[in-house]
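Here the structure comes first, spelled out in structure tokens, and everything after it is commentary.
The values are calculated or read from the model by the stated rules, or taken from the named source; none is laboratory data. Computed from a prediction, not measured in an experiment: that's the story for all the values here. Using ideal geometry, Cβ is built from the backbone for each residue, glycine included, and neighbour counts are taken over all protein chains shown. Each accessible area value is taken on the protein alone, full model and side chains, heavy atoms only, with ligands, DNA and RNA left out. Shrake-Rupley method; radii C 1.70, N 1.55, O 1.52, S 1.80 Å.
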Amino acid sequence: MARQQAPPWVHVALILFLLSLGGAIEIPMDLTQPPTITKQSVKDHIVDPRDNILIECEAKGNPAPSFHWTRNSRFFNIAKDPRVSMRRRSGTLVIDFRSGGRPEEYEGEYQCFARNKFGTALSNRIRLQVSKSPLWPKENLDPVVVQEGAPLTLQCNPPPGLPSPVIFWMSSSMEPITQDKRVSQGHNGDLYFSNVMLQDMQTDYSCNARFHFTHTIQQKNPFTLKVLTTRGVAERTPSFMYPQGTSSSQMVLRGMDLLLECIASGVPTPDIAWYKKGGDLPSDKAKFENFNKALRITNVSEEDSGEYFCLASNKMGSIRHTISVRVKAAPYWLDEPKNLILAPGEDGRLVCRANGNPKPTVQWLVNGDPLQSAPPNPNREVAGDTIIFRDTQISSRAVYQCNTSNEHGYLLANAFVSVLDVPPRMLSPRNQLIRVILYNRTRLDCPFFGSPIPTLRWFKNGQGSNLDGGNYHVYENGSLEIKMIRKEDQGIYTCVATNILGKAENQVRLEVKDPTRIYRMPEDQVAKRGTTVQLECRVKHDPSLKLTVSWLKDDEPLYIGNRMKKEDDSLTIFGVAERDQGSYTCMASTELDQDLAKAYLTVLADQATPTNRLAALPKGRPDRPRDLELTDLAERSVRLTWIPGDDNNSPITDYVVQFEEDQFQPGVWHDHSKFPGSVNSAVLHLSPYVNYQFRVIAVNEVGSSHPSLPSERYRTSGAPPESNPSDVKGEGTRKNNMEITWTPMNATSAFGPNLRYIVKWRRRETRETWNNVTVWGSRYVVGQTPVYVPYEIRVQAENDFGKGPEPETVIGYSGEDLPSAPRRFRVRQPNLETINLEWDHPEHPNGILIGYTLRYVPFNGTKLGKQMVENFSPNQTKFSVQRADPVSRYRFSLSARTQVGSGEAATEESPTPPNEATPTAAPPTLPPTTVGTTGLVSSTDATALAATSEATTVPIIPTVVPTTVATTIATTTTTTAAATTTTTTESPPTTTTGTKIHETAPDEQSIWNVTVLPNSKWANITWKHNFRPGTDFVVEYIDSNHTKKTVPVKAQAQPIQLTDLFPGMTYTLRVYSRDNEGISSTVITFMTSTAYTNNQTDIATQGWFIGLMCAIALLVLILLIVCFIKRSRGGKYPVREKKDVPLGPEDPKEEDGSFDYSDEDNKPLQGSQTSLDGTIKQQESDDSLVDYGEGGEGQFNEDGSFIGQYTVRKDKEETEGNESSEATSPVNAIYSLA
């Protein structure tokens, strides 16, 4: 079992100690007083150009002060500038750029003046600068050729930002460059290779600059190395790469950090060592960085000046470089002037003492004007850094400024002189009740005011002498501290403030309560599985306080299940199981204090029945040890001896020595040490300033004995603390604070009375002065902090004997807030199945990013699907969604998460799929024409491709956005009384026109409006971008066979023509930046036209044509039958008898023996097809009636009409004159019949 001390934070009375115990007395605000500056911007005020400018200046006074400003030492007329305004009841300037304007126009030095009728207070001179993050100069870097083993420096040369950027090196694939003593980054940002190795070619090297205000990172073009190898690398003595030469000098300001750097080359890689001439390095402030190549000395003081040298050595030799360090100092306060409150006729003085190097000058001002130009005052005398006031009168009220400066900086302090005649008055509520636990420390407050400053005295129960000294201490502000509360300290305390004008008093009633104590603690137990265990916890407490008893298991709240029973003084566990094993803590608490006691329960598995006689004997816990004796008394040790008790058939395995002290935690026993069961005497090491009392507990396998009777007491002398509190943390509980906590030191580490903690903090990397406060508890809350910024924290222990060692610096963070929305949320759709999401980290994380939450829902028109949620790690910036169907779109909402919660969401929708349409009016009907192919592809995430030319009725569905597709198809349907004809038409390839998409140019660097004008073997490409001039691009395209080709494009070289394309091939294309492939256009798809425009389908396979031929065949058959019938009746055809009539010149066909049908019925067939536009000739005829003649040739006129003659070869000898060959041609028969 063990007793634990209650954490100090549960003692409500100790909260009073968080207040300051000293300090100047302030004038109540209901009394007239000059102005006092309460808040102002820092001297070097750097602002973000994207935000409105805020220059703070707040002051208090009675009457309330008015404000005005100067800029560059001239009056700043706020009323004349519409962008500038002043906050109400404040002097804070707000410069608004929402209506335009350049922040750089307002750079300069500003100073605020707060004035009322009693004087004028001044702010510091605030230098306003606008943050700058210029772009990196564009440069093309050739490969660096270097010999293996040679030194190499890759220069960064970042753009000069304000403030200076943070430099780091990475590869172009964003992998950090591994650094060691051979390869490392210097303080100037350059990357140094002490000797180049072949493995250094495996990556490239890119310098990156991170700018603080804009939260942007700029990347330089990467260096690539080409290492020339040799048979063997020659070993070389060291030589310095930085700094050059054998000596250099450096100046540093007091209070800043001194950074000395030495980087050397050589083979093998040299080691660096640091020394100081004539002395040792300051071990408490010196730190080695960058693999011993840098020496940092923090918080430099004058004694750190001198000569330092670095020694670079390898097995081939060594060299040294000497650095002469000079320490200068901006002014710092030795005695800062304080407000002076005087009664009429009193004397006083203002003191302004500062030091620096060089020695600063002191200038006095009164109400903002030089003291030399102020009206003479016979009651005032200036003596260098002191102003003496004698026989002060009401007219002497004013605000004085002390300005001390040298070439490295300045200090400005305001201190007013207020002349008042005020009798004493109390500023706190009357008759307060303070309750405190016995033996604790407490403080009674009594704030007061008066002029002349009253004297304050404390009395107890209205009688006796003034309380001061011994157990009491009165502070300057009137607080009475009682170092250790006893029962007799209970009563009524009266504070009395007195001056020549009268007196005032107030009372505080103090009640002393008994501490809460567990007098019968739970004991360690060993139990078999299935048995019942009872843990006792009997408590004694003050009856006027409400007691609460609770249990913990393994330091977590215990759930009381069905197998457990909790009573006022015990905890019973029925049917013990293995899961019940662990530590059990009884916690008894009231509203003022608490007490803890812990015991450990061990659960044994079932054991076999003992087979020997000794094992069968009952075992029990050992009896308590007795007759404790202290010998060999020393300042930090003592020997304790005891007599063991009976082991009760189970050998004693351990002895636990416990101690109790009567000052910090009287009555509470703590474990001191543990010894084997074979010893009964041990030397105990002790701590200073502890009044020890010891006891011993014996332990065997059954359990622990009762504690022995305590030994006599032994007190050790005091000393300063030798350690500091542990587990120091700085965490925000709200977005505008930081709570500093630590584990308080116990009695054995206090080493002296009045243990307290000096808490220091400051913003990290700002080099501002440390803030500090003295705390008696274990926490302190810093208020008014920015959101999630790092702080350096130190907590140092101190007692009445002195301070502890210099504490380590711990990094803490102020409170977090909700993050801003992820930046550049991009939705791309490379194909119909996948949607790719990409985003950048929020511009303002406002804390530690713990991940991202993506919510997305499919929708089709007004119909919504089921919402889905994805959570990502904080490092993930990409995600792919597999589409469930090609029709639905998706709406995405992405937000970042900190420990506070999810921040603002960025929302986007997936692009419009190619088959999603909005109904529109039908297009005008086009005339029948031959089918052609054309294409115009514009930047869109959907694949807009339609290459179908079937002769079916296809409704036209135009896309929602004005885009063009690879193949433009128009389908028209014409209905007549005889038949219905459906004609599919397309524009010819020579008319490659279309509607261009006008997209909005994004804010970030991007590529958009990619337009493709394709032909059969080439395509023209154009695009838009917002890159700087001179940026190179790459056009990447992939054909249907997955062959990828890229074309580098020099800046401003648009349009680009792709000349190696194949007719009728489908291509995907994108354009990206040559410097950053991650910045790319959306992927688009287009198709080249075929080599010929005749793209008709086979007419012989068409149903209408087959039907027409069948009808013609049937008609011919009927006509043949009619012909045979007429012939059998003797009918003749009107054919000229060529034998009887001589040939004339009008018979050109006589020689070939053909017949000439010259009658009017034998005319060319009508209805022949024409070309598409009347200019392009038909290459072939699929349905010409020439195909059905017997040996004739046909031609077409320019208008497309048939001009051929049907001819039939005449037999060499006609057997029948009337049975001419025209009967062998069914077509001729048709015309003859007609």
Q. In the stretch 430-443, how many are more than 14 Å from residue 475 (Cβ to Cβ) and in a strand (DSSP E or B)?
A. 6
Q.
Any residue that is open to solvent by 20 Å² or more (accessible area, probe 1.4 Å) and assigned to a strand (DSSP E or B) - is there at least one of those in the stretch 386-396?
A. yes
Q) How about the stretch 481-499: which of its residues are surrounded by 13 or more Cβ atoms within 10 Å (Cβ to Cβ) and touching a residue at least 40 places away in the same chain (Cβ under 8 Å)? A) 481, 482, 483, 484, 485, 493, 495, 496, 497, 498, 499
Q | The one condition in (1) among the polar types (S, T, N, Q); (2) open to solvent by less than 40 Å² (accessible area, probe 1.4 Å); (3) in contact (Cβ under 8 Å) with a residue 40 or more places away in the chain that residue 691 fails to fulfil | A | (3)
Q. Going by the structure shown, is residue 478 over 22 Å from residue 777 (Cα atoms) and either assigned to a strand (DSSP E or B) or among the small types (Gly, Ala, Ser) (or both)?
A. no
Q. If you check 425, 430, which single one turns out to be modelled with pLDDT of 90 or more and not acidic (Asp, Glu)?
A. 425
Q: Output the qualifying pairs, or none if there are none: Cβ atoms under 8 angstrom, residues six or more apart or on different chains, first residue in the stretch 1078-1103 and open to solvent by 70 Å² or more (accessible area, probe 1.4 Å), second residue part of a loop (DSSP other than H, G, I, E, B) and modelled with pLDDT of 80 or more.
A: 1091/1016; 1091/1063; 1091/1064
**Q.** Leading residue by the ranking (surrounded by the fewest Cβ atoms within 10 Å (Cβ to Cβ)) among those in the stretch 538-555 that are farther than 19 Å from residue 515 by Cα and hydrophobic (A, V, I, L, M, F, W, C)
**A.** 552
Q.
Looking at 545, 535 in this structure, which one is part of a loop (DSSP other than H, G, I, E, B), in contact with a Leu (Cβ under 7 Å, 6 or more places away or on another chain), aliphatic (A, V, I, L, M) and over 30 Å from residue 426 (Cα atoms)?
A. 545
Q. For the stretch 561-581, which residues satisfy the criterion of being touching a residue at least 24 places away in the same chain (Cβ under 8 Å) and surrounded by fewer than 16 Cβ atoms within 10 Å (Cβ to Cβ)?
A. 569, 572, 574, 575, 577, 578
Q: Scan the stretch 627-641 and report the pairs whose first residue is over 10 Å from residue 685 (Cα atoms) and touching a residue at least 60 places away in the same chain (Cβ under 8 Å) and whose second residue is loosely packed, with under 11 Cβ neighbours inside 10 Å and not aliphatic (A, V, I, L, M), with Cβ atoms within less than 9 Å and a gap of 6+ or a chain change.
A: 628/712; 629/712; 630/712; 640/631
**Q.** Entirely in the stretch 796-864, the strands (runs of 3 or more DSSP E) that have 1 or more residues that are over 30 Å from residue 908 (Cβ atoms) and not hydrophobic (A, V, I, L, M, F, W, C)
**A.** 810-813
Q. Could you list, in sequence order, the residues of the stretch 877-900 that are without any contact (Cβ under 8 Å) to a residue 40 or more places away in the chain and farther than 16 Å from residue 835 by Cα?
A. none
Q. Do any strands (runs of 3 or more DSSP E) entirely within the stretch 255-352 hold 2 or more residues that are open to solvent by less than 50 Å² (accessible area, probe 1.4 Å) and of a type in the set (S, T, N, Q), and if so, which?
A. 306-314, 317-335
Q) Only one residue in 1046, 1022, 1011 is touching a strand residue (DSSP E or B) at 6+ places or on another chain (Cβ under 7 Å), within 27 Å of residue 878 (Cβ to Cβ) and either open to solvent by less than 70 Å² (accessible area, probe 1.4 Å) or in a strand (DSSP E or B) (or both). Which one? A) 1046
Q. When the residues of the stretch 737-754 are filtered to those that are at pLDDT 90 or above and not aromatic (Phe, Trp, Tyr), which remaining residue is most open to solvent (accessible area, probe 1.4 Å)?
A. 743
Q.
Out of everything in the stretch 642-686 that is charged (D, E, K, R) and either in a loop (DSSP other than H, G, I, E, B) or without any contact (Cβ under 8 Å) to a residue 60 or more places away in the chain (or both), what residue ends up being nearest to residue 709 (Cα to Cα)?
A. 660
Q. Quick one: what pairs do we get from the stretch 200-213, first residue on the phi > 0 side of the Ramachandran plot, second assigned to a strand (DSSP E or B), C-beta under 8 Å, 6+ apart or different chains?
A. none
Q.
Suppose the filter is of a type in the set (Gly, Ala, Ser) and buried (at least 17 other Cβ atoms within 10 Å of the Cβ); does residue 478 pass it?
A. yes
Q) For the stretch 164-175, does any single residue satisfy the condition of being at positive phi, open to solvent by 30 Å² or more (accessible area, probe 1.4 Å) and free of Cβ contacts under 8 Å to residues at least 12 places away in the same chain? A) yes
**Q.** Tabulated pairs, the stretch 444-464, first within 11 Å of residue 477 (Cα to Cα) and touching a residue at least 24 places away in the same chain (Cβ under 8 Å), second charged (D, E, K, R) and surrounded by fewer than 21 Cβ atoms within 10 Å (Cβ to Cβ), C-beta under 6 angstrom, 6+ apart or interchain
**A.** 449/425
**Q.** Residues of the stretch 183-242 that turn out to be outside any strand (DSSP E or B), more than 29 Å from residue 160 (Cβ to Cβ), open to solvent by 20 Å² or more (accessible area, probe 1.4 Å) and of a type outside the set (Ser, Thr, Tyr), as a count
**A.** 10
Q) Quick check: is even one residue across the stretch 449-462 at pLDDT 90 or above and within 50 Å of the chain's Cα centre (by Cα)? A) yes
Q) Is it the case that residue 505 is surrounded by 13 or more Cβ atoms within 10 Å (Cβ to Cβ) and not in a strand (DSSP E or B)? A) no
Q | Among residues of the stretch 82-114, those that are in a loop (DSSP other than H, G, I, E, B) and either at pLDDT 90 or above or open to solvent by 30 Å² or more (accessible area, probe 1.4 Å) (or both), counted | A | 15
Q: Please determine, by comparing only the residues of the stretch 781-802 that are within 28 Å of the chain's Cα centre (by Cα) and under 30 Å from residue 690 (Cα atoms), which one is least open to solvent (accessible area, probe 1.4 Å).
A: 793
